[in-house]
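The values are calculated or read from the model by the stated rules, or taken from the named source; none is laboratory data. In this text, all values refer to a predicted model and were calculated from it rather than measured experimentally. Cβ placement follows ideal geometry from the backbone for every residue including glycine, while neighbour counts extend to all protein chains displayed. Ligands, DNA and RNA are excluded from the accessible area calculation, which covers all protein heavy atoms including side chains. Shrake-Rupley method; radii C 1.70, N 1.55, O 1.52, S 1.80 Å.
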Amino acid sequence: MIRRNNVKKLTVFFLITILGISTLQFSPLIQTTFGQSENWYVGKGAKADTYYTYEIRNADTNQGQPFTMTIYFKEYNSTGQYWIAPTYVVDSGNVINGTFYLSNLDLTALGTSPIPPEMNEYRGAYATTLGWLTAFVPQPGQSLSAPSWGKIASIGGSEIKPSGNAKVTTPAGSFDTTLISYKKGATSNIYIDRNLPYPVKADTYADVTTGVAPIQYTYELKDRGTGQPPLPETQIEVPVPPLNLQTPRGTYNLQLLWEPTEIKAGNNTNFGVIFSDDRNNIVERVTYGYTVMDGNRTVIDEFTNQRANEGTGQFTYTFDTPGPKYLQVIVETASGEDLGMFVEAATFNLVVQ
């Protein structure tokens with residue numbers, strides 16, 4: 001009986017040993033299989049001491065005018081589980097910098113990020129452009145070959161889903177990407193390289209039920225590299241006419257012209273405004289107002305009930321002091337009809353010499 005028990009114990013011991021060896025042999029295979037997962041999420045592939053520079057246009061930021069944002073993944077804070085990411089924004093020649101604390105879960109810029117007040121607007125733009133997909137693919141992400149990633153939060157909106165492959169070339173290089181698409185009026189496309197923490201490129205459109213859908217946001221990868229990126233320098237960019245802006249709802253296009261081209265303090269400047277609809281047809285019987293602001297957006301002058309019966313308005317203004325200025329043009333009525341509760345306006349950046 002004792003001998004039989006010893007044989008059983010030896011048998012169990014050998015079985016455990018064999019199973020242990022088998023597990024060790026298969027473990028790398030299991031890890032490799034999971035390592036090759038097609039899943040992607042915002043932040044996948046992020047590495048310390050690397051940076052990415054994007055040119056971004058966002059309808060809700062600076063009238064949809066382009067700006068660049070460079071995000072430098074300096075180091076990872078393992079205690080707080082976030083990336084310490086110095087971030088540089090260049091908008092119309094002005095440089096704004098701060099540090100984003102980017103959540104390891106989905107690269108959300110945390111509220112504790114040490115950034116100056118003037119950068120809050122761009123943190124918001126970051127969330128609604130580069131970070132927009134976090135609502136659909138936080139860790140562990142979703143497969144790049146999944147039939148659907150979910151439905152956009154919009155009545156009548158389509159599913160957002162992988163829609164094939166696309167070769168994309170930007171100033172940062174050529175990329176083999178997966179196309180992520182959804183449709184509401186117009187088709188929006190986002191291009192993902194599975195090895196990069198952010199999409200390479202995006203072209204998306206606002207949710208409208210009538211008319212031509214305006215751009216909601218676009219962005220494109222301009223540069224990437226290792227090491228700390230060079231700190232950009234502020235350069236005053238002097239705008240020249242004509243300037244073209246679309247009102248936030250995409251209903252009207254406003255073109256601003258002026259003469260002489262160089263605006264000088266103390267001298268008269270003759271301005272002209274051309275009003276057109278979202279199909280670039282001239283809008284007649286317009287009344288409008290305009291507001292002049294200094295570089296801090298403090299109102300200097302306001303004028304209302306200006307007429308542009310043929311779709312073109314004209315006025316003369318004299319700036320008292322040099323420096324950056326803003327000129328906001330507000331559409332009050334169009335085609336003889338009041339716009340009701342909607343505010344249709346465009347704010348133009350100017351520089352007075």
Viscosity 0.692 mPa s, temperature 37 °C, Stokes-Einstein D of segment 300-342 from Kirkwood C-alpha radius, µm²/s | 256
How big is segment 159-250 in terms of Cα radius of gyration and Dmax, in angstroms?
-> 16.8, 47
Run through every distinct alpha carbon pair of segment 116-206 and return the Kirkwood hydrodynamic radius in angstroms, one decimal place.
-> 14.1
Considering the alpha-carbon set of segment 244-298 alone, what are its Rg and its Dmax in angstrom?
-> 13.5, 38
Using only Cα atoms, find the angle between the long axis of helix 2-35 and the longest principal axis of the chain, and express it within 0 to 90 degrees, rounded to the nearest 10.
-> 20
Could you do me a favour and compute the accessible area per residue for the chain, 1.4 Å probe, result in Å²?
-> 54
Which one of S158, S113, S174 has the biggest mean-square fluctuation once the chain is modelled by GNM with Cα springs under 10 Å?
-> S174
Dipole magnitude of segment 258-353, debye to nearest 20 (Cβ charges: Lys/Arg +1, Asp/Glu -1, about Cα centre) | 240
Net charge contributed by nearby residues that have their C-beta within less than 14 Å of I236 (K/R +1, D/E -1) = -3
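Give me the Kirkwood hydrodynamic radius of segment 59-172, using the inverse of the mean 1/r over all pairs of distinct Cα atoms, in Å to one decimal. Each step should come with its number before you reach the end.
Values: mean 1/r = 0.0620 Å⁻¹.
The answer is 16.1 Å.
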Using a ≥ b ≥ c from the Cα gyration tensor of segment 105-152 (square roots of the eigenvalues), is it rounded, prolate or oblate, where a/c under 1.5 gives rounded and otherwise the larger of a/b and b/c decides, a/b for prolate?
-> prolate
Amide hydrogen neighbours beyond the local backbone of F100, cut-off 5 Å, H modeled | A85, T87
Where does the longest stretch of the chain lie that holds no GluC sites (Glu not before Pro) found in a DSSP loop with 14 or fewer other Cβ atoms within 10 Å?
-> 39-232
Can you give me the three principal axis dimensions of segment 98-251 from its C-alpha atoms, in Å, biggest first?
-> 45, 40, 33
Whenever you get a sec, compute what percent of the accessible area on segment 167-313 sits on carbon and sulfur atoms (1.4 Å probe).
-> 43
Of the convex hull drawn through the C-alpha atoms of segment 246-353, the volume per residue in Å³ is 93
Expressed to two decimals, segment 39-82 has a Cα Rg over Rh, using the Kirkwood radius, of 1.10
Quick one: what are the phi-derived ³J(HN,Hα) couplings along segment 79-86, Karplus 6.51/-1.76/1.60 with θ = phi - 60°, whole Hz, x for glycine and proline?
-> 6, x, 6, 8, 8, 8, 10, x
With +1 on each Lys and Arg Cβ and -1 on each Asp and Glu Cβ, and nothing else charged, work out how big the dipole of the chain is about its Cα centre, in Debye to the nearest 20.
-> 2620
The percentage of the accessible area of segment 67-110 (probe 1.4 Å, all protein chains present) made up of carbon and sulfur atoms, to the nearest whole number, is 43
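Divide, for the chain, the radius of gyration over alpha carbons by 2.2 N^0.38 Å, where N is the residue count.
Values: Rg = 27.6 Å, N = 353, 2.2 N^0.38 = 20.4 Å.
Working it through for the chain, the quotient is 1.35.
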Taking a 31 Å limit on the Cα-Cα distance, which of the listed pairs K47/K183; K74/K184; K151/K325; K44/K167; K74/K183 fall beyond it?
-> K47/K183; K74/K184; K151/K325; K74/K183
Where the centroid of each part is defined by its Cα atoms, how far is segment 272-287 from segment 72-98 in Å?
-> 41
Each label point is 7 Å from the Cα along the Cα-to-Cβ direction; what then is the distance between the points at A146 and L257, in nm?
-> 5.2
